[in-house]
């Protein structure tokens, strides 16, 4: 399988492994907002696309689906038993994560979302955050321009089926991808385009041409976008769906490898929890103070206090004080710099 096809399938299908949903007759346990988000995702759920009759048509359907911001195409590409393998993996993740730690992280994320929604002006005007928000790789104004888009992405996540750890134990990946997943992809593509990278344009130019078909085997000429060198790839039909032969050969081995990795999750989370929980609580308390700020001065004071509490730059400054500008000298530094009397 050529490098382009392998990379694309890894990205598209890895996303499928990461996304989870709820059973149709269950509401997510993430509160009213999460229930509303899950309902909206369910209402948008699309029926499975017709199975392409040929190997070249299968690849075209996958690529066109992603170009049209429909991550469901990655799920539809998989044979039924492969979808079942993904389902099993996600169920196992749901049974192995530490629910208290997972839910605490989402509680912090929700408070961060509130901060981004209500304190945008304070954040952008704060001297402490100005430098952190500067990125020479982005055109001027990119962060401000995409602020609302990023906030919307976080909002989609926090009101989705992912809002509670117990929701990971149930799954309708296809429904999630056609609902919540499509919303996330749409916003992600929008932000990437604003930053000068248009994913849809990057995928244009892909071509799949049938070379030959012999029973349940086929050879397809694939030309990656951007003028890459074409290559002939072998496909096989598995449960009525055409997939790359190399993918079929490696699938079971990869699934077993992933299952083995999942076995380490409980021990890893148990080891991280004693440090992670107090840290999350500390972050949550900081977000509460920042969200409660009624002025730029109060916001900057709370932010500086947080920097001091976490041991960052300016940690020695009194609460409410701003750190000196780069290169400035104060107090003993100025005295030390004074020339000695002759």
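Yes or no, residue by residue, for (1) surrounded by 13 or more Cβ atoms within 10 Å (Cβ to Cβ); (2) assigned by TED's automatic domain parsing to the domain that holds residue 73; (3) more than 26 Å from the chain's Cα centre (by Cα):
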| position | (1), (2), (3) |
| --- | --- |
| 196 | no, yes, no |
| 225 | yes, no, no |
| 232 | no, no, yes |
| 244 | yes, no, yes |
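The sole residue among 289, 252 that is modelled with pLDDT of 90 or more and exposed (fewer than 15 other Cβ atoms within 10 Å of the Cβ) is 252. Exactly one residue among 120, 145 is outside the structural domain of residue 288 (by TED's automatic domain parsing) and either modelled with pLDDT under 90 or in contact with a strand residue (DSSP E or B) (Cβ under 6 Å, 6 or more places away or on another chain) (or both), and that residue is 145.
The values are calculated or read from the model by the stated rules, or taken from the named source; none is laboratory data. In this text the structure is predicted, and so the values were computed from the model without any measurement. Positions of Cβ are generated from backbone atoms using ideal geometry, with glycine treated the same way; all protein chains shown enter the neighbour counts.
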